[in-house]
Structure formats: structure tokens, C-alpha cells
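Everything on this sheet refers to the single structure shown next.
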Amino acid sequence: MKRLVVFLFCLVAAAPASLAKPSVTAARVGPHPDMTRFVLELSQAPAFEIFTLQDPYRVVIDLPEVDWRIPPEGVPRGKGVIEDLRFGLFQPGRSRVVLDVKTPVKLRKVQILRPDGKYATHRLVIDLQTVSRSAFRTKNSRKIVSRAPLPAIQAVAGPSAPGKPPSDRRPTVVIDAGHGGVDPGATGVSGVAEKDLVLQYARELRRQLLAGGRYRVVMTRDSDVVLPLRRRVARGEEAGGDLFISLHANINKSRRVRGASVYTLSETASDAEAEALAAKENKADVLSGVNLDGQSPDVSMILIDLAQRETMNLSKNFANTMVGELGKSTRVLNNTHRYAGFAVLKSPTVPSVLVEVGYMSNRKEEKLLRSRAHRKKISSAIVRAIDNYFKSHG
Ligand SMILES: [Zn+2]
């Protein structure tokens with residue numbers, strides 16, 4: 001038996017290194033008088049695509065799917081022209097690092113350095129130089145790619161949602177777990193990321209809806225990937241959605257604030273807090289380094305057409321039903337149903353609501369939010385609201 005174990009171990013150890021995911025073991029920022037150097041240390045020389053974006057200015061570094069082995073405390077703070085940085089999966093096969101930069105920059109030099117006497121790792125070295133706004137706009141060589149290319153980006157993160165089979169007459173509920181990949185969303189007091197927390201809620205809600213057999217369920221994402229807001233809305237429509245529920249968790253400067261809340265789309269916000277929340281949630285694409293192709297990421301001024309009015313009324317009805325049901329199961333905010341210009345709720349045809357399941361900045365509530373029992377409770381309240389809604393609108 002012992003010999004067998006040893007033999008298996010040898011098999012694993014002998015697997016060719018090229019099959020293993022490259023790992024990133026260190027990241028450094030070095031400010032210099034005339035440029036800022038960003039260095040990633042990797043176990044192998046990676047393929048890469050590096051480009052800049054504006055509104056706001058960012059540098060995006062795409063790599064093959066890598067194992068990010070840098071502990072949170074090892075991630076460098078902003079220095080030089082780099083203000084902040086994030087890392088995550090962009091889509092299966094492609095990892096992404098986003099650098100927020102204080103000024104427009106150009107990629108002055110990108111190089112891969114092989115292991116040498118001093119370093120045992122491969123290093124991807126990127127030199128960023130501040131340029132004027134006009135130089136940034138006129139420079140056309142803003143993308144630098146390695147000789148071995150990365151796999152192409154699939155039509156913005158994965159296939160379309162499956163359409164509804166004509167024989168299936170059940171209503172379709174679309175569940176949208178907020179954030180994902182390089183955009184973690186808010187961070188709870190225990191360190192839990194909103195993107196992970198809400199994916200668990202989305203899966204529990206799906207489980208309960210499917211168990212009842214009365215609904216078709218489509219998830220906009222079921223893994224830790226980036227999904228642009230426009231794609232989330234499009235997936236809801238392609239799936240023939242009858243309801244779209246976007247799941248989020250909130251934070252507040254005041255750690256005492258707690259309770260769930262439900263939001264619908266509106267041109268004018270119900271209150272300043274809802275407006276600020278919409279602005280924050282609408283930033284997801286910016287944080288993920290999604291190229292908006294000239295579209296402004298600022299969607300706070302959302303134009304709503306006539307076709308949307310009826311959908312908005314249905315959304316409001318559903319939101320009110322949901323507030324009633326959530327209130328029976330958990331603490332809710334005052335004026336629980338609020339509204340603002342959320343980009344993810346902008347479908348003209350699919351009634352859509354956004355639920356903030358609670359505050360991750362409140363220690364007690366965060367603990368509760370992470371528990372399986374609470375997840376089940378919130379999900380069954382949402383299921384009851386869905387049942388009530390289709391009883392009167394189905
Ligand atoms: Zn969110």
C-alpha cells in the first residue's frame with residue numbers, strides 16, 4: 001500500500017510543468033522620477049495582452065488563467081502613478097490585473113525577464129510613463145501583446161443564455177449574482193467578498209426555485225468571472241426572462257446600519273443614498289477593466305423609453321411584494337423599496353429588481369449573512385415573493 005502511494009506521488013510530481021497553471025508569486029510597484037515600474041513574478045513566462053483605458057484611466061494586464069499566490073497583505077499599495085490594483089478571473093482561461101492610474105499613461109516598455117542569478121522567477125516588467133491627455137488620445141499603439149497569443153476573448157464572457165423552449169410554459173426567473181472576477185464588490189468585516197457571498201445566495205435561490213418545479217431558472221453567472229452589466233441585462237432578455245433579480249450585499253460607513261433593501265429602476269433616485277448606491281454598483285464595468293467602446297461608464301443619467309414604463313410598473317409591484325416577504329423573515333431598512341438609475345435593471349422588457357441582502361459592514365449582520373440558515377431564510381422569502389407575483393401577474 002505504501003509503495004502505491006509513493007508511486008502515485010511520483011506521477012503527480014512528474015506532470016509536465018507546462019500543464020500546470022502559471023502562478024504569480026509576487027507583485028511590486030517601483031516609482032522612478034520619470035516612470036512607474038510594475039513587476040509581476042511568475043513561475044513561467046506568460047502570454048499577455050496589456051492595454052490602457054480611459055474614463056477613468058486604467059492599465060489592464062491580461063494573462064492566461066493563473067494561480068494568484070500573493071496573500072492580501074503582499075499586494076502592493078499604490079505608488080507613483082499607480083493608485084490601486086485589483087486581480088481576478090476575467091473569464092475561464094484568462095486572468096486580469098487592473099491598475100488604476102492617476103494620470104493618462106503610455107506603456108513605455110514591456111519586457112519578460114528570465115530567471116537569473118538574483119531571481120528564480122520569470123518577471124513581467126511594465127514601465128508606465130505619464131503623458132498628456134491629448135497624447136493619450138492620439139497614441140494608437142496602446143495595446144502590447146506577447147508573441148504567443150492569449151486565447152481570444154469569447155463574446156464578452158461566455159455563451160448566451162439559452163432561450164426558452166416553446167413547450168415550456170413555466171415562467172423564467174433570471175438570477176444575477178452581482179460583481180465577479182476582478183471586481184469583488186464590497187468587502188465585509190470578516191473579509192468576505194460580496195461577489196462570493198451573493199453567488200452563494202444565487203445558488204441557494206436557484207436550488208429552492210428548481211425544487212418547486214414551477215419555474216425555469218437561468219443564472220447570469222455561476223462562477224467567479226467578470227460579466228459586464230450590459231451582458232447581464234442581455235442574458236435576461238435572451239433567456240426570455242419573466243423576472244430578473246440582481247443580488248448584492250451592501251456596506252455603510254456607519255457600522256450600526258443593517259437590514260435588507262430592494263431597488264428598482266428610476267430616472268430620479270428616491271434618496272441620496274440610493275443614488276450613491278446606484279453610482280457604486282454601476283462602476284462594476286470600470287473596476288473590471290471592461291472596454292466600453294466609447295460608451296460612458298457613467299449611466300447615472302439613464303434615459304427611459306415608453307416601452308419601459310409598463311415593465312417598470314411590474315418591477316415596482318414585484319419589489320413591494322418582495323419587501324413584504326423579506327420583512328417577515330429578516331430585518332429590513334426603513335423605506336425598504338427605493339429606486340435609482342441602476343444600469344443592470346435597465347431591460348425594457350424584463351421586470352427587474354436589485355436586492356441588497358444586508359450590510360456586510362455590520363458585524364452581527366455579516367455573520368448572519370454568511371450562515372446557511374440565513375441564506376435559506378432569505379431565499380425562501382424571495383421565492384414566496386416570486387410565487388405571489390406570478391399569482392397576480394402570471
Ligand atoms: Zn454590489
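The values are calculated or read from the model by the stated rules, or taken from the named source; none is laboratory data. Given the structure is predicted, the values throughout are model-derived calculations rather than measurements. Ideal geometry is used to build each Cβ from the backbone, glycine not excepted, and the neighbour counts take in all protein chains shown.
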Item to check | Among residues of region 233-251, those that are over 16 Å from Lys280 (Cα atoms), within 16 Å of the ligand (Cβ to nearest atom) and modelled with pLDDT of 95 or more, counted | outcome: 2
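Using the structure shown, decide if Leu227 is in the same structural domain as Asp176 (by TED's automatic domain parsing), surrounded by 17 or more Cβ atoms within 10 Å (Cβ to Cβ), in a loop (DSSP other than H, G, I, E, B) and modelled with pLDDT under 95.
yes
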Checklist outcome for this item: Of the residues in region 162-200 that are away from the ligand (no atom under 16 Å from the Cβ) and not in a loop (DSSP other than H, G, I, E, B), the one that is nearest to Leu247 (Cα to Cα) is Val174
Checklist entry - Which strands (runs of 3 or more DSSP E) sit wholly inside region 23-97 and have at least 1 residues that are more than 25 Å from Thr187 (Cα to Cα)? => result 23-31, 36-42, 49-53, 58-64
Checklist entry - Yes or no: Ala278 crowded, with 24+ Cβ neighbours inside 10 Å, assigned by TED's automatic domain parsing to the domain that holds Glu365 and within 13 Å of the ligand (Cβ to nearest atom)? => result yes
Checklist entry - So is Ser254 away from the ligand (no atom under 13 Å from the Cβ), of a type in the set (Ser, Thr, Tyr) and either within 24 Å of Arg363 (Cα to Cα) or not assigned by TED's automatic domain parsing to the domain that holds Gln308 (or both) or not? => result yes
Checklist entry - Which condition does Gln111 not pass, out of (1) more than 16 Å from Arg28 (Cβ to Cβ); (2) exposed (fewer than 14 other Cβ atoms within 10 Å of the Cβ), if it passes all the others? => result (1)
Checklist outcome for this item: By residue number, the members of region 47-103 that are within 24 Å of Ala152 (Cα to Cα), small (Gly, Ala, Ser) and surrounded by fewer than 15 Cβ atoms within 10 Å (Cβ to Cβ) are Gly93
